[in-house]
Amino acid sequence: MASKGRILVVDDDRLVLATVSDGLVQAGYEVVDADNGDEAILKARQMRPEIALLDIRMEGKSGFDVAEYLRDVARIPFMFLSAFADEATIAKVNELGAVAYLVKPLNVDEILPTVEDAFARLRAGQLAPPPAVVPVAAAPVPPLPAAELADPL
């Protein structure tokens, strides 16, 4: 049976990782899994998944760190699966350009529609790899004229 696509699943909770990975395999996806950010970056580089599903808070490199690598270097679309839904987290998710944000706890049947939609959009050309963010160099600040440096009093 042909795979529906290759997805990188990253979560430091081994039970969540195994459950999500197994559910995606049962649904026909090829899953590359990692239980930390460093391993996720290495596997993304080696295995070239089409999409990634990332936990946010992990020891070492966070899901945000992995997302920055996927966006800026690997150019792989990503979505988050996290227990956190506070304003700062959601703002960062949006800033990074995530395809989707799923809040735990969820079972695989609740995750599958989002994954399937992301793959369908990717195949239809509606989901381009996220644009790389290029840091903008600060323009040099011109020195103030001597008249403005004088003491106004």
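The values are calculated or read from the model by the stated rules, or taken from the named source; none is laboratory data. Remember, it's a predicted structure, so these values are computed and weren't measured experimentally. Note that each Cβ is placed from the backbone with ideal geometry, even for glycine, and that neighbours are counted across all protein chains shown. We work out accessible area using only protein heavy atoms, side chains counted, and drop any ligands, DNA or RNA first. Shrake-Rupley method; radii C 1.70, N 1.55, O 1.52, S 1.80 Å.
Identify, by number, the condition in (1) over 11 Å from the mean Cα position of the chain (by Cα); (2) at pLDDT 95 or above that Leu15 doesn't meet. Checking Leu15 against (1) over 11 Å from the mean Cα position of the chain (by Cα); (2) at pLDDT 95 or above, the one that fails is (2). Condition first: closer than 15 Å to Leu24 by Cβ, modelled with pLDDT of 90 or more and among the charged types (D, E, K, R). Can you find one or more residues in the stretch 53-69 that meet it? Scanning the stretch 53-69 turns up at least one residue that is closer than 15 Å to Leu24 by Cβ, modelled with pLDDT of 90 or more and among the charged types (D, E, K, R). Return the total of residues in the stretch 77-87 being among the hydrophobic types (A, V, I, L, M, F, W, C) and touching an Asp or Glu at 6+ places or on another chain (Cβ under 7 Å). Of the residues in that region, 1 qualify.
The sole residue among Glu110, Glu59 that is assigned to a loop (DSSP other than H, G, I, E, B), open to solvent by 20 Å² or more (accessible area, probe 1.4 Å) and over 13 Å from Gly5 (Cβ atoms) is Glu59.
When the stretch 2-36 is filtered for residues that are in contact with a Gly (Cβ under 7 Å, 6 or more places away or on another chain) and part of a loop (DSSP other than H, G, I, E, B), the ones remaining, listed by number, are Ser3, Lys4, Tyr29, Asn36. For first residues located in the stretch 69-83 and open to solvent by 40 Å² or more (accessible area, probe 1.4 Å), partners that are in a strand (DSSP E or B) and lie 6+ apart or on another chain with Cβ distances below 9 Å form the pairs Ala83/Val103.
Count of the stretch 37-56 residues, restricted to those that are open to solvent by 50 Å² or more (accessible area, probe 1.4 Å) and assigned to a loop (DSSP other than H, G, I, E, B), is 2. Do you know which of the residues in the stretch 80-100 that are at pLDDT 90 or above and in a strand (DSSP E or B) is farthest from Ile51 (Cα to Cα)? Only one residue fits best here, namely Leu81. When you scan the stretch 97-105, do you find a residue that is within 17 Å of Val66 (Cβ to Cβ), surrounded by 12 or more Cβ atoms within 10 Å (Cβ to Cβ) and touching a Pro at 6+ places or on another chain (Cβ under 8 Å), even just one? Checked the stretch 97-105: at least one residue is within 17 Å of Val66 (Cβ to Cβ), surrounded by 12 or more Cβ atoms within 10 Å (Cβ to Cβ) and touching a Pro at 6+ places or on another chain (Cβ under 8 Å).
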